[in-house]
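Working notes, structure below.
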Amino acid sequence: MSKYHSLRGMPDITPEEAGLFKWIEDRARETFRLFEFSEIRTPFLEETEVFVRSIGQDTDIVEKEMYAFTDRGGKNVALRPEGTASVIRAYIEHNWSANQDITKLFYIGPMFRGERPQKGRLRQFHQIGAEIIGASNYHLDAEMIFNLHSVLTNMGIVGFEIQLNSLGCDNDRVNYKKALFDFLKERESGLCENCRRRMHTNVLRVLDCKVDTCKSVISGAPRITDHLCADCEKDYASLKKLLKDSGINFSEKTTLVRGLDYYTKTIFEVVHSALGSQDAIAAGGRYDRLCEEMGGPKVGAIGYAMGLERLIMAVNKDNVPMHKPEVLIVAVDDMSRDHAFAVTNYLRKREIACDMDFSGRSVKGGMRKANREGRKWVVIIGENEIKNGKIVLKDMTSGTQDELDTDSAVKKILGEN
Ligand code: ATP
Ligand code: MG
């Protein structure tokens, strides 16, 4: 029984899981390189205001999920619940808009939300996210969605569904919100308490409600896509055509909304049936107002974030090569141990990953360890070998062993003879 435990919803990532994390991150990095995204690493802790201003007061994150506290200097700070706010804060702070160009950034790292932990929902979880900042056009929307599709495909993930919607421009949303509010007002008694409140604070969020009775009310609600102005309608149609022409499958989901108030035009979510009830692996959209609202220049932007723990559920683990230890160096007795240590490090210098049996076991014990770990080679070093300038190399598969000089052994292990 251990005295201390990691906090609920904040599990350790074990060495085995870390291998999977790294493989997924590497696949994402490969794709980001091809699309010329640069990595940004923002701090885990920021002024609370950065998140409140960007994510919005009437959201689950700000209302109840944020780890916010007052630090020793009396400053209100919070552990980042998502990545976009910090990226935009950095974009403005470093004046990256000065180059008048598009800025493409990605990030990978932990996020923190005080949610009720369940499968696929943690309090410390990890996101891989990307943002394109500096302009607003449907080609960039397509670029972002194509990138997301490519990242998932490079991880070998199949069977995901990209759901697409357009929230239109500010004007469209004002009109739509009114139409939606009027519709809901007439059916208020069928809504849950939360939705009756949200109707007044952030009516679009009602579309996102998971309560069955609300869902059935919502199914008959007016659709945002019927309230788009001519420009937004045309943009949305152009995006859909470009995605189709680019071979990207998607479905339209007119009730799709995002939790944040500043989203405009294109939004999307990626779901996967293998994930059970927490079926969203990624979500994102265009947020053309955020930069200006945070005190920066008026530039368009679009981004997405995916949940690493959920990607892990969707990845075929058989595709992920795991590191298998191959070579173990075993000393015959205490006298040979220093020499064995030198040989171990010589092999590493020759790019052979290996370990020495440091436990001081007998050769037999060393062999058992090598067998248990499925190693291919054991290097045995004793007084005799030191005297002759040789080592004994045992092939654990065939059981044969040879006395060789070190360089011949290196060649044999590397398969060079
Ligand atoms: P959900 O509806 O699942 O709560 P969300 O809308 O809060 O998701 P975003 O803030 O858009 O999610 O985050 C993007 C992605 O990050 C999600 O699609 C999901 O894969 C992942 N994610 C979000 N919250 C968690 C969490 N608590 N634990 C694990 N992954 C998460
Ligand atoms: Mg959430």
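The values are calculated or read from the model by the stated rules, or taken from the named source; none is laboratory data. Everything numeric in this text was worked out from a predicted model, so none of it was measured. We place every Cβ from the backbone using ideal geometry, glycine too, and count neighbours over all the protein chains shown. Only protein heavy atoms, including side chains, enter the accessible area calculation; ligands, DNA and RNA are left aside. Shrake-Rupley method; radii C 1.70, N 1.55, O 1.52, S 1.80 Å.
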Segments 304-311, 268-275 sorted - mean Cβ within 10 Å per residue, highest first = 304-311, 268-275
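What percent do you get for the relative contact order of region 184-343 when only Cα pairs under 8 Å and 6+ apart count?
Values: 148 pairs, mean separation 21.0, N = 160.
Over region 184-343, the number comes to 13 percent.
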If the convex hull is drawn through the Cα atoms of the chain, its volume per residue in Å³ = 214 Å³
Anchor Lys324: lysines whose Cα lies under 30 Å away (excluding residues fewer than 8 positions away in-chain) | Lys22, Lys119, Lys349, Lys364, Lys369, Lys376, Lys390, Lys394, Lys411, Lys412
Given the C-alpha centroids of region 214-257 and region 357-406, what is the distance between them in whole angstrom?
-> 65 Å
Taking all protein chains as present, what is the carbon and sulfur share of the accessible area of region 1-80, in % to the nearest whole number, probe 1.4 Å?
-> 52 percent
Taking a probe of 1.4 angstrom, what is the accessible area of Lys64 in Å², to the nearest 10?
-> 130 Å²
Working with all protein chains in place, sort Glu63, Glu46 by solvent-accessible area computed with a 1.4 Å probe, largest first.
-> Glu63, Glu46
Rounded to the nearest 10 degrees, the helix 15-34 long axis (Cα) sits at an angle to the longest Cα principal axis of the chain of 60 degrees
For region 286-417, what is the percent of antiparallel DSSP beta bridges, rounded to the nearest 5?
-> 55 percent
Taking 0.36 nm per residue of separation between Ile102 and Phe341 and subtracting their Cα-Cα distance, the length gained on full extension comes to 80.7 nm
For the chain: accessible area per residue (Å², 1.4 Å) | 51 Å²
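With a 1.4 Å probe and all protein chains left in place, how much of the accessible area of region 232-368 comes from carbon and sulfur atoms, in whole percent?
That share works out to 50 percent.
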Square roots of five times the Cα gyration tensor eigenvalues for region 1-46, Å = 30, 17, 6
Would you please give the FRET efficiency between Glu36 and Asp402, computed as 1/(1 + (r/R0)^6) with r the Cβ-Cβ distance and R0 = 41 Å, to the nearest 0.05?
-> 0.20
How much accessible surface area, in Å² rounded to 10, belongs to the heavy atoms of Arg361 with a 1.4 Å probe?
-> 90 Å²
Rounded to the nearest 5, the percent of antiparallel DSSP beta bridges in the chain equals 80 percent
Using a 1.4 Å probe, how large is the accessible area of His5, given in Å² and rounded to the nearest 10?
-> 130 Å²
In nm, to one decimal, how far is the modelled label at Thr254 from the one at Ser2, with both set 7 Å along Cα→Cβ?
-> 5.2 nm
Counting alpha carbon pairs within less than 8 Å and at least 6 residues apart, what relative contact order, in whole percent, applies to the chain?
-> 15 percent
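With an 8 Å cut-off on Cα pairs and a minimum separation of 6 or more residues, tell me the relative contact order of region 38-153 in percent.
It comes to 24 percent, rounded to a whole number.
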Name the lysines eligible as straight-distance cross-link partners of Lys234: C-alpha to C-alpha under 18 Å, and not fewer than 8 places from it in the same chain.
-> Lys244, Lys253, Lys265
Whole-number value, in Å³ per residue, for the convex hull of the alpha carbons of region 59-200 is 202 Å³
Using a ≥ b ≥ c from the Cα gyration tensor of region 119-247 (square roots of the eigenvalues), is it rounded, prolate or oblate, where a/c under 1.5 gives rounded and otherwise the larger of a/b and b/c decides, a/b for prolate?
-> oblate
For the chain, the longest principal axis of the Cα atoms and the Cα long axis of helix 363-372 enclose an angle in degrees, to the nearest 10, of 30 degrees
Peptides ranked, highest mean first, by Cβ atoms within 10 Å: ranges 35-41, 93-99 | 35-41, 93-99
Out of all DSSP beta bridges with both ends in region 1-151, state the antiparallel percent to the nearest 5.
-> 90 percent
